[in-house]
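S.K.: Here it is: the structure, laid out below.
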Amino acid sequence: MAPSVGLSEPWRFVQVISKDTRSSIQTEFERANREALAGYSGEQAELYARLKLAGLDHAPAHLAVFVESGTSKGSGLGRRTMPEMAEYSVVAAITTLWLAARAHGVGMGWVSILDPARVGAILAVDDGWRLVAYLCLGFPEEESQIPELERAGWEKRTPGKDRLFQR
Ligand SMILES: Cc1cc2nc3c(=O)[nH]c(=O)nc-3n(C[C@H](O)[C@H](O)[C@H](O)COP(=O)(O)O)c2cc1C
């Protein structure tokens, strides 16, 4: 039901239910996360290594979300000057799902520490599909108004007023 450019509905949702497939995704996450860790040094590397960056091992629901940007649906409406609108439409659908999930008390985590081509191969999807998000859904162990990365000392939220500009 999410909005999309030209009503192209370019999102493709794959419910990952097989235990073996989930385990392959977990292995790919661990590989990509080791590579990411190698890009940091000193105290930042120590902090990075302590962060919980995915809930793949215990989330009850896994959804891989792809974009089929070559879809003919919508006949290109709204994508001539900004072809990236297909990807943005998929992100809009994910955000809509995220808000709906939270309204029902369900938590969602977006895992991006994955190689999109490897995930596409693990899930054996069409060549024209590209991974936008790998989502973990479940009931949160705790609720907080402060983002986890802020609580962990990685980054702080910027006040909204500092990101609003007027011309
Ligand atoms: C585009 C995008 C990519 C993200 N990728 C990751 C990720 O790879 N690992 C992670 O732990 N969180 C990632 N996040 C953040 C979490 O999914 C999200 O912040 C968390 O579920 C909400 O908890 P918080 O309020 O504590 O931040 C990502 C968020 C977005 C919007």
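S.K.: For the range 1-68, what is the charge dipole size about the Cα centre, in debye to the nearest 20, if Lys and Arg each add +1 at the Cβ and Asp and Glu each add -1 at the Cβ?
M.R.: 140 debye
S.K.: For the range 5-140, what's the radius of gyration and Dmax over Cα atoms, in angstrom?
M.R.: 16.4, 51
S.K.: P(r) tail for the range 75-133, what percent of Cα pairs lie past 16 Å?
M.R.: 59 percent
S.K.: State the answer as a single residue: which of 134, 71, 27 lies farthest towards the positive end of the charge dipole of the chain, with beta carbon charges of +1 for Lys and Arg and -1 for Asp and Glu, about the Cα centre.
M.R.: Final value for the positive-end residue is 71.
S.K.: Quote to one decimal, in nm, the extra length available between residue 15 and residue 81 on full extension: 0.36 nm per residue of separation minus the C-alpha distance between them.
M.R.: Result: 20.5 nm gained on full extension.
S.K.: Sticking with this one: Using the C-alpha gyration tensor of the range 1-81, what are the square roots of 5 times its eigenvalues, in whole angstrom, with the largest one first?
M.R.: 34, 19, 11
S.K.: Suppose the chain between residue 43 and residue 127 were pulled fully straight at 0.36 nm per residue; how much longer would it get relative to their current alpha carbon spacing?
M.R.: Extending this stretch completely gives an extra 26.2 nm.
S.K.: Another question, if that's okay. How far apart, in nm, are the 7 Å Cα→Cβ label points at residue 2 and residue 30?
M.R.: Calculated label separation equals 3.0 nm.
S.K.: While we're on this one: Taking θ as phi - 60°, what are the ³J(HN,Hα) couplings along the range 6-21 by the Karplus curve (6.51, -1.76, 1.60), each to the nearest whole Hz, with x for Gly and Pro?
M.R.: Ordered by residue, 3J(HN,Hα) equals x, 6, 7, 6, x, 7, 10, 9, 10, 7, 8, 10, 6, 4, 5, 5 Hz.
None of the figures in this text is laboratory data; all of them are computed from the coordinates on show. Computed from a prediction, not measured in an experiment: that's the story for all the values here. Please note: Cβ atoms are built from the backbone with ideal geometry, for glycine as well, and neighbour counts cover all protein chains shown.
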